[in-house]
Amino acid sequence: MAGTDYGKIVRDGLWNNNQALVALLGLCPLLATTTSATNGLGMGIATTAVLLLSNVTISLIRRAVRPEVRIPVYVVVIASFVTVVELLMHAYFFDLHKVLGIFIALIVVNCTILGRAEAFASKNGVLPSAVDALGIGLGSTAALVTLGGLRELVGQGTLFAQAHLLLGDWARVLELGVGEGFHGALVAILPPGAFIGLGFLIALKNVIDRRATRKTVVIAAPPAQPAKAG
Amino acid sequence: MAFPTLSSPHTARPNETRRVMAEVLLALLPGIAALVWYFGWGVVINIALASAVAVAAEAAVLALRGRPALPAVSDLSTLVTAWLFAVSVPPTLPWWLTLVGIVFAVVVVKHLYGGMGQNPFNPAMAGYVLLLVSYPVQMTAWLPPSVLTEHPLTFSQSLAVIFQGAPPAGLAWDAITQATPLDVMRQKLGLSYTIAEIRQSPLWGDFGGRGWEWVGNWFLLGGVYLLWRRVITWHIPAAMLGALLFAAGVFWLVDPNTHPFPAFHLFTGGTILGAFFIATDPVTACTTPRGQLVYGAAIGLLVYAIRSWGGYPDAVAFSVLLLNLAAPTIDNYTRPRVFGHAGGGQRED
């Protein structure tokens, strides 16, 4: 795998091909679990862990799997790792597990993970696949945390509330609150708020991209356009 | 003697946005006067505040979009949004909620979709629903009508309530606010009272809540004016009110003890305002005559369904928004036959 541009893989995963904001993949957990920054972070970490394990495994077995049966094989691999992660969260982060609930198990059907298995891990070596998983996973996690923080802030005027459930007691310093007297807009916590917030995040990313292209003197490739949801 | 030559189209008067919107504002005046009569100065303050915020938000977002502000602001459509919003919300609504609702309506619902004529949802109702879902307590605290209250708010007291959130000295919130008749009906029915028992309370008049029931008539007057001026056609109001009466009539005949008589639905809540002013929004409603009948009837049925079995007391805003979403599809299937072609107008491209 000489000549693999790891920097590009990471940049694509984190920004240019951000699965949540550009590819619009994995929207089900993105919209459903991001009622707070902590939930978003927990979901993001769980997804990244599954993605890392599944990408590495699928890259390892990519020459043994016949193309006709690859999708069932990938799903079985992903489902196994989701089960592992779910049991681990159930054991060690019980309160967070209660909040995220069914969406941990539903990581199996997260399009992002199957998408990366199909589009990247089945065609590349182990190391690039692992790097890709980390880049994509952290990119999605960033989107999850941002959207969760946005909705939490608008909806109930706090940020990283209950972060100690996930990160331990030291994380109580992260827990911010606007204070008493703040009337949160409940709609931000409700499902419509997720769609509206995601729309604003995508718009923000496109604005940043456009500013960046305008600054570049050299005529570069046009900024990535949002693809159709999978 | 000079005979000016007129070319077609021979319309009676120029059909421009500003004229239509001015007619709508004029038609709202009787209803607004009735609201002020029954609910005091808060209505006027809300209208003034909403109008100012709406015009400022419109001008600001047009500046951001690099469009000239004057033509868009002076077509009065923003004012119609602001007035419809202000007559829908409680007269004691805190000022910052009016601000949030109007900015959402103008910036997000109207301009993010492309501005005047492009928005799929009725901006005033979307702003109203955003607030109702987010701040149910403030959005359901209505004043009792003046014929019932012992403490009508003066102008300065209304100002203090709206801008400082302070009830008048010596009075608690519960002394000056009251649930709406639809809300009372819904709660009491939930507690298994019969209609006759509920209506023994002095809150009730001949049809709906005392005082409340006559506000709709003044909006009806404005609606008839709009029909006469041909700003709207009869299809949507007739279909909506007809479907609501039909649904209410069927259930009332089945069991008059637990279902209010049909006229109750006409005389309470935002039924008349919704039928003539909100559902008929030319941008977001259906445009084909048959489509308008379907659209109006579906709104009427949904209003009955949500009022009877939904989670919120009134339903006009929710129903209108849901049918806004369906309007393009309804239009597509109800195209009138094109002259010279057989069958309905199907999309050929």
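The values are calculated or read from the model by the stated rules, or taken from the named source; none is laboratory data. Being a predicted model, the structure only gives us computed values, none of them experimental. Note that each Cβ is placed from the backbone with ideal geometry, even for glycine, and that neighbours are counted across all protein chains shown. Areas reflect the complete protein model, heavy atoms only, side chains present, ligands, DNA and RNA absent. Shrake-Rupley method; radii C 1.70, N 1.55, O 1.52, S 1.80 Å.
Which condition number in (1) of a type in the set (S, T, N, Q); (2) more than 24 Å from B:G101 (Cα to Cα); (3) open to solvent by less than 60 Å² (accessible area, probe 1.4 Å) is the one that B:S158 fails?
Result: B:S158 fails condition (2) only.
Say whether the condition of being over 12 Å from B:A239 (Cβ atoms), in contact (Cβ under 8 Å) with a residue 12 or more places away in the chain and open to solvent by 10 Å² or more (accessible area, probe 1.4 Å) is met by at least one residue in the stretch B:288-297.
For the stretch B:288-297, residues over 12 Å from B:A239 (Cβ atoms), in contact (Cβ under 8 Å) with a residue 12 or more places away in the chain and open to solvent by 10 Å² or more (accessible area, probe 1.4 Å): present.
Can you give me the ranges of the helices (runs of 4 or more DSSP H) entirely in the stretch A:45-134 with at least 3 residues that are surrounded by 16 or more Cβ atoms within 10 Å (Cβ to Cβ)?
Helices (runs of 4 or more DSSP H) meeting the threshold: A:70-92, A:94-100, A:111-116.
Examine the stretch B:137-150 for a residue that is open to solvent by less than 40 Å² (accessible area, probe 1.4 Å), in contact with a strand residue (DSSP E or B) (Cβ under 9 Å, 6 or more places away or on another chain), aliphatic (A, V, I, L, M) and within 14 Å of chain A (Cβ to nearest Cβ), and state whether such a residue exists.
yes
Considering only the stretch B:85-94, I want to know if a residue exists there that is within 14 Å of chain A (Cβ to nearest Cβ), more than 20 Å from B:R229 (Cβ to Cβ) and under 20 Å from the mean Cα position of the chain (by Cα).
Taking every residue of the stretch B:85-94 in turn, at least one turns out to be within 14 Å of chain A (Cβ to nearest Cβ), more than 20 Å from B:R229 (Cβ to Cβ) and under 20 Å from the mean Cα position of the chain (by Cα).
Tell me, which residue of the stretch B:95-105 that is away from chain A (no Cβ under 13 Å) and among the β-branched types (V, I, T) is nearest to B:A59 (Cα to Cα)? Talk me through it step by step, then tell me what you get.
Filtering the stretch B:95-105 down to residues away from chain A (no Cβ under 13 Å) leaves B:98, B:102, B:105.
Applying the additional criterion that residues be among the β-branched types (V, I, T) yields B:98, B:102.
Working: B:T98: 17, B:I102: 13 Å.
Once the filter is applied, the top-ranked residue is B:I102.
If we only count helices (runs of 4 or more DSSP H) wholly inside the stretch B:183-276, which ones have 2 or more residues that are surrounded by fewer than 20 Cβ atoms within 10 Å (Cβ to Cβ), β-branched (V, I, T) and in contact with a Lys or Arg (Cβ under 7 Å, 6 or more places away or on another chain)? Outline the logic, then answer.
Details: elements: B:195-198, B:212-228, B:235-254, B:262-267.
No helices (runs of 4 or more DSSP H) qualify here.
Within the stretch B:165-174, is even one residue more than 14 Å from chain A (Cβ to nearest Cβ) and buried (at least 18 other Cβ atoms within 10 Å of the Cβ)?
yes
Can we say B:P123 is in the same structural domain as B:V43 (by TED's automatic domain parsing) and free of Cβ contacts under 8 Å to residues at least 24 places away in the same chain?
Criteria not met by B:P123.
Suppose the filter is away from chain A (no Cβ under 14 Å), part of a helix (DSSP H, G or I), under 19 Å from the mean Cα position of the chain (by Cα) and touching a residue at least 60 places away in the same chain (Cβ under 8 Å); does B:A82 pass it?
For B:A82, the condition - away from chain A (no Cβ under 14 Å), part of a helix (DSSP H, G or I), under 19 Å from the mean Cα position of the chain (by Cα) and touching a residue at least 60 places away in the same chain (Cβ under 8 Å) - is not met.
Inspect the stretch A:167-183 for any residue being within 14 Å of another protein chain (Cβ to nearest Cβ) and surrounded by 14 or more Cβ atoms within 10 Å (Cβ to Cβ) and give the result as yes or no.
So far as the stretch A:167-183 goes, yes, one or more of its residues are within 14 Å of another protein chain (Cβ to nearest Cβ) and surrounded by 14 or more Cβ atoms within 10 Å (Cβ to Cβ).
With (1) part of a loop (DSSP other than H, G, I, E, B); (2) modelled with pLDDT under 90; (3) crowded, with 20+ Cβ neighbours inside 10 Å as the list, and B:F121 as the residue in question, which single condition is left unmet?
Exception for B:F121: condition (2).
Could you identify the single residue in B:A50, B:A57, B:A69 that is surrounded by fewer than 18 Cβ atoms within 10 Å (Cβ to Cβ), assigned by TED's automatic domain parsing to the domain that holds B:G115 and at negative phi?
Numbers: B:A50 fails: surrounded by fewer than 18 Cβ atoms within 10 Å (Cβ to Cβ); B:A57 fails: surrounded by fewer than 18 Cβ atoms within 10 Å (Cβ to Cβ).
On inspection, the qualifying residue turns out to be B:A69.
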